[in-house]
Structure formats: structure tokens, C-alpha cells
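The values are calculated or read from the model by the stated rules, or taken from the named source; none is laboratory data. Since we're looking at a predicted model, the values are computed, not measured. Positions of Cβ are generated from backbone atoms using ideal geometry, with glycine treated the same way; all protein chains shown enter the neighbour counts. These area figures cover heavy atoms from the full protein model, side chains too; ligands, DNA and RNA do not enter into them. Shrake-Rupley method; radii C 1.70, N 1.55, O 1.52, S 1.80 Å.
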Amino acid sequence: MPKLRTASSCPPLSLPALVGALALVVTLVGCGGGSVDSVSIDGSSTVFPLTEAVAEEFMKDSQGARVNVGVSGTGGGFSKFLRGETAINDASRPIAPNEMEKAEEAGIEFIEIPVAYDGLAVVVHPENDWVDCLTADELREIWKPSSSIDRWTQIRPSFPDRPLDLYGPGTASGTYDYFTEAIVGESGASRSDFTASEDDNVLVQGIRGTETALGYFGLAYYENNVSELTALGVDPDGPDSGASCVTPSAETVNSGRYRPLSRPLFIYVNPAKITPTVEKFVTFYLQNAAELAADVGYVAMPDEAYDLALQRLQNRTTGTVFGKEGVDATGTRVEEMLRTAAGGSSTSDTTATE
């Protein structure tokens, strides 16, 4: 394991430079540019709660360190990252091909680091006795913007002719963005005639009080209310595909079997902006993400995945594993993909143009 660089490895500031710096803010300046006791992060609102939790613990543990976490969304964060404005980008999806092209044009490399899984649960009233599984196609027909489905029998003829009462996160929620992207195929594309709330407890109470309800929210919140609700299985490919319905759990998310409502979450690190504090922060992130992920509603990856992700940081392994053409990040077993990538002969898994 390479030793962390320290501020003492940087050349001393000249007196004029020191005076100029003090005129703005009292800080230490690293040889790579920027403050060695600060970390600049932006990006995904979905990853934000985990990064914020890590940042809070890191600042307690590292007196004097400052971690600034912004929320511009994954795409907005990548725009800043690829302009060289931030050291780290939170991302709820792998880097996109057009973003890799911009990275190459700007001469910016990136280290891709998965940090946790996000899983969603589709839930019904505990006394609902007519459904235990829905297909991804059925969920799409229910939730797409043009949907007119308002009775259970419209989903399947075998279901009762009763009202369908829908509950889900509000449009400001990262869960809403993820569900619509995974199920409907476009982030934010959803019917609007459902009971919406950013407060998951409101959704739990609404579904628990409505026998004909159907809703969705984060897996961790369902697990905190398992006696109040029933989680449905999801068949990703349809009843005639041979695939089986899979119910959500930490095990099925980790195994990659719960598709398409599970996915890895990422941070992307600019190696040119790795100061001693940035390196310490990302190392701290990977050493503590498993515990903190559960605290903020996500699913921890296996220990091996965190060890392999830390190797990517230490070895400065740039490029993408998960953003390659033809790779579906949903249902991905992160440790297997990282292990395969680590077994290659090159220190870079793929170039920015792939």
C-alpha cells in the first residue's frame, strides 16, 4: 500500500504568495494546487446522503479538514468535474460516452469507484392477497406518463376489479429519478396522478391504510417497516422468460439477482486533484461506507468490493469498468467486475473514448 503524501513534500510558499493567500483565507496550499485541507465534491442527489455522512465523520476524525459537498445531479456534477472544478463527482450511474469524450478532450482522467448499492422496494398493503410479483413491463405500463391504468384488473385479468391507488416519492427525490429511469426508461418520466411525498413515512402510512395501494421507496425504509407492508417480487424479463420473481433484500441486491431495481452508486476522482487530504478522505470513505450506507438507506457492498475499489485509488487506475458499451450496471455484482478488471495487464481498464 503506497504511503499517503504529506504537505511537507510540497515546496515552501514564497513570502509574496503567502501574503496574497492570507489576504483571501488562512489556508495551507498544496503543491498540486488547491487546499490540502479541503475536498471539493458535487454531483448526484442520490449519492449525496452517503457522501455527506462520510464527510461528517471524516471531519470529526480529521481536525481542520473541510469537505464541501454540492448537489448538481449526476450530469451537472460531471460538467463541473470535467471542467476541473471539483476533485470528486458523486454519480448514481456510470459515466456516459459523451462525458468520456469530454474528459478526453479536456485531458481529464478519472478513477471510477463504486461505493454502495441502491435498491428499491415495490410494496402493497399487508392484506393484499392477489399479487406477490409484478414484471418490469407491468410496472412500466402502470407508471409511464400516458398510463390510464387505475384498476387492478387492468394489470392482469386475474386481479380483482378494484381501484389502484398509487404512492411514490415526490419529483425532487433521487428515488423518483431512479425508479422512472429503471422502469420507464427515462429519468423523471412518470404519470402524475399518484400520492407523492419526499417523506417515506407518509408513504408507509398511506399504503398501510389503503388495501388497494401500490407504491415504492428505498429498500432500507421497507426493511424498517417490514411488519407494516408486503414487498413484491419483481420479474425483470416477463413471466414467459424462464426468469423467476425476486424479492428485494440485501442478499438479492448484492448477488445481482434483483433487477432492474438495484444498481451500484459511484464516486469519480480526478487523480490530478488528489492532495493528501483527498486521498485520506477517499480512503476513509471506502473503509467506512459499508457501515454508513445502511445508516442512510443503501446496501453495503461485499468487503472484497471495497478492498478492490481501494486498490483502484492506490494504483491510480483510471478509466471505466461500468460505463463500457454494452454493460448494464443494474443487477451488477461489483466485486466480480472489479476483480476481472484488476486481473488485466494494463493499469487502465478502458480509455476515455470507449
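Summary of values
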| read-out | value |
| --- | --- |
| Accessible surface of Leu164 - all protein chains present, 1.4 Å probe, nearest 10 Å² | 20 |
| Approximate spin-label separation Glu228-Ser146, in nm, with each point projected 7 Å along Cα-to-Cβ | 3.7 |
| DSSP-loop trypsin sites (Lys or Arg not before Pro) across the stretch 63-145, with at most 12 other Cβ within 10 angstrom | Arg83 |
| Nonlocal amide H pairs with Cys133, under 5 Å, H built at 1.01 Å | Gly233 |
| The stretch 107-161: C-alpha pair distances exceeding 17 Å, % | 55 |
| For the stretch 282-288, Karplus couplings with θ = phi - 60° (6.51, -1.76, 1.60), whole Hz, Gly/Pro x | 5, 4, 4, 4, 6, 7, 10 |
| Globularity ratio of the stretch 190-253, using Cα Rg and 2.2 N^0.38 Å | 1.26 |
| Met301 accessible area, assembled protein chains, probe 1.4 Å, Å² | 10 |
| Cβ-Cβ FRET estimate between Thr247 and Glu104, R0 fixed at 45 Å, reported to 0.05 | 0.60 |
| Computed label-point distance, nm, for sites Arg339 and Glu325 using a 7 Å Cα→Cβ extension | 2.9 |
| Förster-model FRET efficiency, 56 Å R0, Trp130 and Asp61, C-beta, rounded to 0.05 | 0.65 |
| Lysines whose Cα lies under 29 Å from that of Lys60, excluding same-chain neighbours fewer than 8 positions away | Lys3, Lys80, Lys273, Lys280 |
| Rounded percent of accessible protein surface that carbon and sulfur make up, the stretch 65-120, 1.4 Å probe | 44 |
| Cut-off under 5 Å, modelled amide H: who pairs with Arg93 long-range | Phe266 |
| For the stretch 81-88, 3J(HN,Hα) per residue [Karplus equation, 6.51 cos²θ - 1.76 cosθ + 1.60, θ = phi - 60°, Hz, x = Gly/Pro] | 4, 7, 8, x, 8, 10, 8, 9 |
| Cross-link partners of Lys324 among aspartates and glutamates (Cα-Cα below 19 Å; sequence separation of 8 or more within a chain) | Asp90, Glu99, Glu101, Glu104, Glu105, Glu109, Glu112, Glu181, Glu335, Glu336, Asp349, Glu354 |
| Other-chain or far-sequence residues with amide H under 5 Å of Asp165's (modelled H) | Ala213, Leu214 |
| Accessible solvent surface per residue of the stretch 194-301, calculated while the other protein chains remain in place, 1.4 angstrom probe, Å² | 37 |
| Note, ³J(HN,Hα) from phi for the stretch 304-321, Karplus 6.51, -1.76, 1.60, rounded to Hz, x at Gly and Pro | 4, 5, 5, 5, 5, 5, 5, 4, 4, 5, 5, 8, 6, 6, 9, x, 10, 9 |
